[in-house]
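The next block holds one structure in the form of structure tokens; read it before the comments.
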Amino acid sequence: RFKDKVALITGSSQGIGAACALRLAKEGANIILNGHKFDERGEKLISEIEAMGRKAKFITADISDVNAVIKLIKEAALTFGSLDILVNNAGLEIKSDFLKVTEKDYDTVMDTNLKGVFFGIQEFAKYCKRKKRNGVVVNMSSVHEEIIFPHFAAYCISKGGLKMLTRNLATELAPLNIRINNVAPGAIATPINQALLADKKQLQKVVRNIPMGRMGKVEDVAGVVAFLASDDAAYVTGSTYFVDGGLTYHYEEQ
Ligand code: NAD
């Protein structure tokens with residue numbers, strides 16, 4: 001579905017971002033990988049993507065830094081001659097009781113999960129307009145754009161902000177032929193959930209709340225990202241697709 005397309009996936013050294021990179025490459029895209037630093041994980045992904053016959057490059061950039069994000073988009077567009085798909089995947093969470101949240105922690109979460117995404121999309125939209133090219137944006141939101149998560153207030157408002165950003169931009173960017181949607185993963189087995197995965201009791205509790213009875217796999221998320229990035233979703237914009245095994249709207253028997 002992505003022959004001759006170029007996709008930038010932020011925060012793609014590991015976890016969901018890496019799975020998205022591999023999935024889009026498998027379907028034909030050339031890939032711009034991104035992360036704080038280039039290491040053996042990036043090297044391995046580049047080899048895997050090149051083994052599929054696609055091109056791949058890793059561009060280091062801190063997504064919480066607006067100037068770095070703008071530079072990243074510009075460089076990504078020059079690397080393989082175009083930029084067609086932007087997957088805003090980089091994100092983080094910091095657990096803290098509300099009474100103890102510091103301004104620094106708040107800024108780290110908001111700047112990475114929302115501010116960097118906001119200005120990344122702005123730069124991508126400027127590029128699409130200048131080049132008269134269509135564009136697709138997929139934001140990695142979370143079920144917590146919808147449901148609460150005690151002790152993660154900043155994370156929840158960052159993803160809640162992404163929800164409204166996507167709803168707004170679907171309208172503002174439609175005249176430029178740019179589609180934008182959110183994917184909202186539930187509990188996915190990635191390094192972000194390391195503590196949970198190591199705690200059997202807590203893990204059982206989480207899985208009990210998931211109607212499908214299991215954690216999600218990174219491939220479950222990547223498949224939906226690929227759908228939204230593709231022309232199969234040509235008439236889809238401003239939506240959130242939940243990839244959560246039924247978690248968000250589940251009913252608990254009393
Ligand atoms: P992860 O921690 O495995 O991967 C996140 C990646 O983003 C890491 O490689 C990290 O280095 C990178 N990153 C973080 N801050 C960055 C920055 N400032 N600049 C550049 N790169 C940065 O986590 P994951 O589970 O793969 O999460 C990916 C996305 O999915 C995040 O936005 C997260 O909020 C979202 N999400 C994950 C889950 C889940 O259960 N795993 C659930 C809902 C939403």
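The values are calculated or read from the model by the stated rules, or taken from the named source; none is laboratory data. Computed from a prediction, not measured in an experiment: that's the story for all the values here. Here the Cβ positions follow ideal geometry from the backbone for every residue, glycine too, while neighbour counts run over all protein chains shown. These area figures cover heavy atoms from the full protein model, side chains too; ligands, DNA and RNA do not enter into them. Shrake-Rupley method; radii C 1.70, N 1.55, O 1.52, S 1.80 Å.
As I understand it, the value is the acute angle between the Cα axis of helix 116-131 and the longest principal axis of the Cα atoms of the chain; what does it come to in degrees, rounded to 10?
20
Go ahead and run the numbers for FRET between N67 and T248, Cβ-Cβ distance against an R0 of 25 Å, rounding to 0.05.
For N67 and T248, the calculated efficiency is 0.10.
At 1.4 Å probe radius, can you tell me the per residue accessible area of the chain in Å²?
In whole numbers, the chain has 51 Å² accessible per residue.
How big is region 127-254 in terms of Cα radius of gyration and Dmax, in angstroms?
Radius of gyration, then largest Cα-Cα span, for region 127-254: 16.4, 57 Å.
Mind checking the angle between helix 218-229 and the chain's longest principal axis? C-alpha axes, 0 to 90 degrees, to the nearest 10.
With both axes taken from Cα atoms, the answer is about 50 degrees.
If you average the alpha carbon positions of region 1-65 and of region 103-142, how far apart do those two centres end up, in angstrom?
17
Highest mean first, how do 7-15, 155-163 rank when packing is the count of other Cβ atoms within 10 Å averaged over residues?
Packing proxy ranking, top to bottom: 7-15, 155-163.
Contour minus end-to-end for F38 and V207, with contour as 0.36 nm per residue of separation and end-to-end as the Cα-Cα distance?
Length gained, F38 through V207: 57.4 nm.
Amide H to amide H, which residues 5 or more places from I180 or on other chains are under 5 Å from it, using H placed in the peptide plane?
Placed amide hydrogens put V137, G238 under 5 Å from I180.
Treating only the Cβ of Lys, Arg, Asp and Glu as charged (+1, +1, -1, -1), what charge dipole size does region 6-242 show about its Cα centre? Round to the nearest 20 debye.
Charge dipole, region 6-242, about its Cα centre: 280 debye, nearest 20.
Amide H neighbours of I188 under 5 Å, at least 5 residues apart or on other chains, H built in the peptide plane: list them.
G216
At 222 nm, what value in deg cm²/dmol follows for the chain if DSSP H runs of at least 4 each add -39500 (n - 2.57) and the sum is divided by all its residues, to the nearest 500?
Helix-only estimate at 222 nm: -13500 deg cm²/dmol.
For the chain, find the longest principal axis of its Cα atoms and tell me its angle to the long axis of helix 66-79, 0 to 90°, nearest 10.
50
For region 116-224, what is the number of Lys pairs with C-alpha distance below 21 angstrom, counting only pairs 8 or more positions apart or on separate chains?
4
Measure off, as a whole percent, the carbon and sulfur share of the 1.4 Å-probe accessible area of region 1-147, all protein chains present.
52
Rounded to two decimals, what is the ratio between the C-alpha radius of gyration of the chain and 2.2 N^0.38 Å?
Ratio of Rg to 2.2 N^0.38 Å for the chain: 0.97.
Pop out the ³J(HN,Hα) list for region 132-145 in order, Karplus 6.51 cos²θ - 1.76 cosθ + 1.60 with θ = phi - 60°, rounded to Hz; leave Gly and Pro as x.
6, 10, 6, x, 10, 10, 10, 9, 8, 8, 5, 4, 7, 7
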